[in-house]
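The values are calculated or read from the model by the stated rules, or taken from the named source; none is laboratory data. Every value quoted in this text rests on a predicted model; they were computed, and no experiment measured them. Neighbour counts are summed over all protein chains in view; Cβ atoms, including those assigned to glycine, are modelled from backbone coordinates with ideal geometry. Just so you know, the surface numbers come from the protein's heavy atoms only, side chains and all, with ligands and any DNA or RNA stripped out. Shrake-Rupley method; radii C 1.70, N 1.55, O 1.52, S 1.80 Å.
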Amino acid sequence: RFEEACKNAGRWRDAANGNPVPISVNISRSEVAQPGLVEHLLDLREQYNLPADSIRLELTEGAFLDDEERLYDFIDQMHRHNLLIEMDDFGSSHSSINVLDDVHVDVVKLDMDLLRSASTDARSAIVLGSVIRMLQGLDTPIIAEGIETLEQAEILKNMGCHLMQGFYFSHPMPLEEFEGYMASNHTVEHAERRERKSSHLDGLLSIDPASSFIFNHAMGGTMFFTTVDGTAESILA
């Protein structure tokens, strides 16, 4: 499946004028232990002429709690060759904070149960917001999983999480249908517009003292929004 993922990533990059379309590939703890895996990925990356962040290996959070020494050595090898590791299902284990303290991952994917609880429970919403701010402070990209409603998406946007996946956006689809979806939705153009906008928001969405001062001393409700090409979007409330 690693070669199939690389082959697709190479084809999509050509169709997107050289812009990478990342693919996350699930990997098990037993596969981490297999010798030569990193070398195999490097060979595939060279064969299909892929940038470093095209293929990302995705491990569940629980995998970080078993045979830690071997796993951390594997992650070090990955990072030495600019290969990325994602931690899936973050928040599903009681040891989440300890894991982040011990190992550096490139992307954290929030467990969907965190979001479901935050939609109906104020205490859970405070916990979710704190987790997002903590990951921002660690300069770790966040992807929220399991988004099923517009309300959930808005909650996350207002907390500063802007990368999401789930049935609200799309159900799983066959390869041919996905490629047609990418072509019809001008994915590259949207991403470039988003990148131009996000460069001005980094300071605002951070947890530095200036941003904290604004919110801690606001009288009443406060919302920041941006306008792009005639449309407005709430970015923080």
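See the values below:
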| item | result |
| --- | --- |
| Where a residue in segment 148-166 is in contact (Cβ under 8 Å) with a residue 24 or more places away in the chain and its partner, wherever it lies, is of a type in the set (Gly, Ala, Ser) and assigned to a loop (DSSP other than H, G, I, E, B), with Cβ under 7 Å and at least six apart | Asn158/Ala237; Gly166/Gly146 |
| Output for segment 1-41, where each listed residue is open to solvent by 40 Å² or more (accessible area, probe 1.4 Å), of a type in the set (A, V, I, L, M), assigned to a helix (DSSP H, G or I) and without any contact (Cβ under 8 Å) to a residue 60 or more places away in the chain | none |
| Segment 71-85 residues that are outside any helix (DSSP H, G or I) and among the hydrophobic types (A, V, I, L, M, F, W, C), paired with ones that are surrounded by fewer than 19 Cβ atoms within 10 Å (Cβ to Cβ) and at pLDDT below 85 (beta carbon under 6 Å, 6 or more apart) | Leu84/Asp53 |
| Filter pass, Asp106 being at pLDDT below 85, within 22 Å of His40 (Cβ to Cβ) and of a type in the set (Asp, Glu) | no |
| Failed criterion for Phe74 (all others in (1) over 16 Å from the mean Cα position of the chain (by Cα); (2) closer than 16 Å to Cys161 by Cα; (3) open to solvent by less than 30 Å² (accessible area, probe 1.4 Å); (4) modelled with pLDDT of 75 or more hold) | (2) |
| Filter pass, Leu50 being of a type outside the set (Gly, Ala, Ser), touching a residue at least 40 places away in the same chain (Cβ under 8 Å) and outside any helix (DSSP H, G or I) | yes |
| Cβ pairs under 8 Å, 6+ apart, first in segment 120-133 and free of Cβ contacts under 8 Å to residues at least 12 places away in the same chain, second open to solvent by 30 Å² or more (accessible area, probe 1.4 Å) | Ser124/Leu114; Ser124/Ser117 |
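Listed here are the residues, each with its yes/no results for (1) β-branched (Val, Ile, Thr); (2) outside any loop (DSSP other than H, G, I, E, B); (3) open to solvent by less than 90 Å² (accessible area, probe 1.4 Å).
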| site | (1), (2), (3) |
| --- | --- |
| Ala118 | no, yes, yes |
| Arg133 | no, yes, no |
| Gly146 | no, no, yes |
| Glu154 | no, yes, yes |
| Lys157 | no, yes, yes |
| Tyr168 | no, no, no |
| His171 | no, no, no |
| Glu177 | no, yes, no |
